[in-house]
1. Taking 8 Å as the Cα distance limit and 6 or more residues as the minimum spacing, I'd like the relative contact order of the chain as a percentage.
2. To check my understanding: the extent here is largest minus smallest coordinate of the Cα atoms along each principal axis. What are those three numbers for the range 137-261, in Å, largest first?
3. Which FRET efficiency value, to the nearest 0.05, do you get for residue 88 and residue 65 by plugging their Cβ-Cβ distance into 1/(1 + (r/R0)^6) with R0 = 35 Å?
4. Dividing the Cα convex hull volume of the chain by residue count, how many Å³ per residue is that?
5. If you count, for each residue, the other Cβ atoms within 10 Å and average over each peptide, how do 23-31, 299-307 line up from highest to lowest?
6. Remind me, relative contact order of the range 158-288 in percent, using alpha carbon pairs under 8 angstrom and six or more residues apart?
7. With viscosity set to 1.567 mPa s and temperature to 4 °C, compute the Stokes-Einstein D of the range 6-87, Rh being the Kirkwood radius across alpha carbon pairs; µm²/s, no decimals.
8. For residue 103 and residue 224, compute 0.36 nm times the residue count separating them, minus their Cα-Cα distance, and round to one decimal in nm.
Ligand SMILES: *Cc1c(COP(=O)(O)O)cnc(C)c1O
Ligand code: SF4
């Protein structure tokens, strides 16, 4: 992931210079710089040298601007700041917690669930979330680069029951629009496909990405397009994000949100309720609230299942039903996400 991220940035360091590429180049990559910008002491990252080497800090400036200066517990900062406790070896927290490597149906194609297949379109992201279940994923071997597209299409043709393709990653919107437009039009030639789903955090962390070029190919697709964004806290949804989401809706995209329940970020009913309300104001329906996947280095984010149900029951008691996300966990080998009974 690390090398691919750097590579992706270098490859596109070109003259066309989309504004979002520029914003990405300006992102924080040095934890000390981020801490200085926030007026926080450098010792917050004491002991984090190894985690930083393995999964470097990456935070767009626009995202950092939504953090509270001087607050080491800021819920946005917590998501991205490498910490010494990531070194803790916790039983059960492993490199591939959701069994992705055993579900590969072809290069970068994960076919776990009936009717939909997930394409790891790139390993790159615009932000590095410390709790990410793919933080150790071997993207270089497992993602479907352009040379693999023909094989992906072949696999889909062999499974005519698949009517939805999910672009994921990393973050699929890290690819250029030329490339995405080309991939999507190849997919559109498969008559079996009805829906195109894009799992992306870019409208949240780099709203500049939602530009005319992106909206152009989305707007002209014959497929129904769904964007599943990834926000964990209402503070992530500022005006620039709301604007980007409105533009997506204006070209007919259905917007859903998935969150991860994270200790110290959103593990309170009030915080989750405010997130749902804010999402709805931005035209986004809450979809899933995931229990943390037990990925090595992220154990300090974990909320026990029993506490999670308690929190979500409190959300359910205060919000209309349509604003309550489904509490789920991902279990390797299961035919769908697993609902946690409340
Ligand atoms: C989560 C996931 C999906 C999507 O599941 P939905 O319940 O349809 O949102 C599809 N494929 C894979 C491999 C997944 O991990
Ligand atoms: S944006 Fe998504 S895939 Fe990328 S690091 Fe964050 S959680 Fe992981």
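Please treat every number below as a calculation from the coordinates, not as lab data. Model, not experiment: these values are computed from the prediction. Methodologically, a virtual Cβ is constructed for each residue, glycine included, from the backbone with ideal geometry; neighbour enumeration extends over all protein chains shown.
1. Across the chain, relative contact order equals 17 percent.
2. In descending order, the Cα extents are 44, 33, 26 Å.
3. E(calc), rounded to 0.05, equals 0.65.
4. On the way: hull volume 43.7 nm³, N = 342.
For the chain, the hull spanned by Cα atoms encloses 128 Å³ per residue.
5. Numbers: 23-31: 17.4, 299-307: 15.9.
Going from most to least packed, we get 23-31, 299-307.
6. Contact order relative to length: 22 percent.
7. 95
8. Here the answer is 41.0 nm.
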